[in-house]
Amino acid sequence: NVLDLARRVGVGRVRADTVAPVVTSLVAAPPDRGPRRPGADLILITVDALRADHLGAYGYARPTSPRIDRLAQTSTVFERAYAAVPHTSFSIASMLMGKYAYSLGQLGLLEGNETLADLLRHYRYKTAAFYPPAVFYVDGEQFKSYEQNHYGFEYARYEPFVEDLDARARTDQVIEFFGKENPARAFVWVHYFGPHEPYVTHPEVAPSFGTSAIDLYDDEIRWVDHEVGRLLDFLGKERPNAVIVLTADHGEEFGEHGGAYHGSTLFDEQERVPLIVHVPDGPGRRR
């Protein structure tokens, strides 16, 4: 609680009667009962550097994301979702901990926090993670324990010496996991490194949009979309009860505010990300 936190970070005298009202005011009312899926798989798909406004589901004119757009048609699409931090490491950590990881790091309290994988293992979920070393690039010393225990996931495919595993290989890993393990229910996190730079074309999917940086970025999105679609096809056939969440760790800038890439500003191009939640036979298309 707040009082305990204050003591841990060395704040001076803190009276409980001054803290308690603040804590009480932050407690949210119970949510309305929605669709229940006992034993459903939980699939978290994160796509590196994917800004929301480059997807058809968010109004983009180019056909970069036909499969993600199809998913959005039967899902809840959040119009305004924002990354906790405009770079991978602390953004992913915030998602997996449900806390502001950057703030915890500044206070020296990043170590030892429970993750979603830790929590769901208590409820007998088989937990599996598929991700690149990029999730630990920024301030890696603070993430040593999470790198070693794979954020609490019991099954992990992590390539510490491979900068960018091809999106096709990443999808293959997830399909292989379900085939070999055949868990009763699973919590799976899969992180696609593309469309992170360096941007490359993928003519095996479709002709390139062009030669500029933004053209190649869109080519990368279309390639990852193709592989996300292959994963969705597998889940729809083999794990039809899966609840699927698709989002990104941050966006990407192309000169909108004088910069490029990410990790440097809090403007929408770096912070606004897609968030799509699909529940089979759930409420259907909502925005």
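The values are calculated or read from the model by the stated rules, or taken from the named source; none is laboratory data. Bear in mind the structure is a predicted one, so any value in this text is a computation, not a measurement. With ideal geometry, Cβ positions are generated from the backbone for all residues, glycine too; neighbour counts draw on all protein chains shown. What goes into the accessible areas is simple: the full protein's heavy atoms, side chains included, and nothing from ligands, DNA or RNA. Shrake-Rupley method; radii C 1.70, N 1.55, O 1.52, S 1.80 Å.
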> What number of residues within the range 176-209 are out of contact with any strand residue (DSSP E or B) (no Cβ under 8 Å at 6 or more places or on another chain) and small (Gly, Ala, Ser)?
Replying inline: 3
>> Could you list, ordered by first residue, the pairs with Cβ atoms under 8 Å in which the first is in the range 68-81 and closer than 11 Å to Leu246 by Cβ and the second is of a type in the set (Phe, Trp, Tyr) and surrounded by 15 or more Cβ atoms within 10 Å (Cβ to Cβ), at least 6 apart or interchain?
In response: Val77/Tyr58
> If you take the residues of the range 103-135 that are aromatic (Phe, Trp, Tyr) and buried (at least 20 other Cβ atoms within 10 Å of the Cβ), which of them is farthest from the chain's Cα centre (by Cα)?
Replying inline: Tyr125
>> Residues that are among the charged types (D, E, K, R): list the helices (runs of 4 or more DSSP H) wholly contained in the range 32-139 that include at least 3 such residues.
In response: 66-72
> Looking only at the range 148-177, which residues are open to solvent by 50 Å² or more (accessible area, probe 1.4 Å), at pLDDT below 95 and of a type in the set (D, E, K, R)?
Replying inline: Arg157, Glu163, Asp164, Asp166, Arg168
>> Here's a check for you: in the range 199-229, which residue that is β-branched (Val, Ile, Thr) and assigned to a helix (DSSP H, G or I) is farthest from the chain's Cα centre (by Cα)?
In response: Ile214
